[in-house]
Amino acid sequence: KTRPDYAKRVIAENPEDEKQNNLNQNLLNDNIHYMKEHGGRTVHTRIRSTIKTKKEFEEVGRKVRVHLPIPKVYEQVSNVEVHASNPEITYVAPFDAPQRTVYFETELKENQEFMVDYSFDYHVDYVKLDPAKVSEEQPDFCLEEQAPHIVFTPYLRELRDELAGDETNPVILARRFYDFVTTKVMYSFMREYFTIECIPEYCAINLKGDCGVQALLFITLCRMSGIPARWQSGLYVTKYYTGCHDWAQFYIAPYGWVFADPSFGGSAWREGDKERWNYYFGNLDIFRMPANSEIQKEFMPEKKWLRIDPIDNQRGEFEYEDHGLRFSQVEVSQELISMEDIEK
């Protein structure tokens, strides 16, 4: 999956896996062509998300506190609606919560599954960033350090200076950072983020990392250069695959907030797909459910015990009154019910 040169040499591969990978790539490429032709795209997406304890960690009759992620309202997300839940939802976080969830509080029943069924409209425009059209005045928000991860360490300062040189145009600078991450950092599955002291520096030193690790390096390099940048994460959702994913936004006047997905860009680069590589600098596809706009933010209401993932939330959290559960102790699923193009 992460090394195309190895994949070509595999003697006994699973034909279904290869077929699914090709279908997924075709889906992405079709979306790119649609976006370029129409200038944007809007879809109405419906998802069913669940979480439950594994049988050996089920404590029937005890009070439990459960969070499941749902979409937060962005420029690209509107008309969020919860259609059904099981059991009844105790609390729904505000539309602008940095890590938005629905919250359940109840006594656990045998074999109980916590479920939320929701839908939302998702719209993205196609943007072709032109360095010549950049405004002289650029904003000064989303530029600060955010310890322990978005930190301007001496090593990262040296890297930034080497990549930037004497360049000052924010589009060119952001593109240099994107090119570095997508062509020099190898996609790699990661241990839990909270075990890494400084994620962007880890990525820059080891030249490896998954989607969130790569996004945090890009965000940090942008902020160090006076380019506003921020986090987005949630789900990547298609009819072939649904799973956790992280990406980035950066701000360029007069364009406003635009996207960068170093993980998808790096995958395209390794496969020799230059069109898709270029597309994910400035643009995003429509196969997303964004639930988080910041890292390391509390839920509403807050969890009592250490979270499964203290960085963000894509699969849900589950805790009893006297301890929380780990991912190895729960079963989670996210299912795409429908995705339909709509006129905007």
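The values are calculated or read from the model by the stated rules, or taken from the named source; none is laboratory data. What you see is a predicted model, and the numbers here were worked out from it, not measured in a lab. Note: ideal-geometry Cβ built from the backbone for every residue, glycine included; neighbour counts use all protein chains shown.
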How many of the residues in region 192-225 are farther than 16 Å from Cys142 by Cα, at pLDDT 95 or above and within 18 Å of the chain's Cα centre (by Cα)?
10
Filtering region 39-87 down to residues that are farther than 22 Å from Gly243 by Cβ, over 24 Å from the mean Cα position of the chain (by Cα) and among the charged types (D, E, K, R) yields Lys55, Glu56, Glu58, Glu59, Arg62, Lys63, Arg65
Just one listed residue, out of Pro310, Pro290, is under 17 Å from the mean Cα position of the chain (by Cα) and either modelled with pLDDT under 95 or over 29 Å from Trp257 (Cβ atoms) (or both), and it is Pro310
So, Leu108, is that one out of contact with any helix residue (DSSP H, G or I) (no Cβ under 7 Å at 6 or more places or on another chain) and of a type outside the set (Val, Ile, Thr) or not?
yes
Cβ-Cβ under 6 Å, sequence separation 6+ or interchain: first residue in region 48-75 and without any contact (Cβ under 8 Å) to a residue 24 or more places away in the chain, partner assigned to a loop (DSSP other than H, G, I, E, B). Which pairs?
Val73/Phe95
Subset of region 270-287 that is assigned to a loop (DSSP other than H, G, I, E, B) and of a type in the set (Asp, Glu) - its residue that is modelled with the highest pLDDT
Asp285
Could you run through region 49-63 and say how many residues are in a strand (DSSP E or B) and surrounded by fewer than 16 Cβ atoms within 10 Å (Cβ to Cβ)?
1
Using beta carbons and a limit of 9 Å, which pairs, at least six apart or on different chains, have the first residue in region 323-344 and of a type in the set (D, E, K, R) and the second one part of a loop (DSSP other than H, G, I, E, B) and surrounded by 14 or more Cβ atoms within 10 Å (Cβ to Cβ)?
Arg326/Ile308; Asp341/Ile286
What number of residues within region 116-140 are touching a residue at least 24 places away in the same chain (Cβ under 8 Å) and over 19 Å from Gly282 (Cα atoms)?
8
In region 175-189, how many are hydroxyl-bearing (Ser, Thr, Tyr), assigned to a helix (DSSP H, G or I) and within 19 Å of the chain's Cα centre (by Cα)?
2
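Please specify each residue of region 269-312 satisfying the condition of being of a type in the set (A, V, I, L, M) and free of Cβ contacts under 8 Å to residues at least 60 places away in the same chain.
As a first pass, look at region 269-312 and keep what is of a type in the set (A, V, I, L, M): 284, 286, 289, 291, 295, 300, 306, 308, 311.
Across region 269-312, the qualifying residues are Leu306, Ile308.
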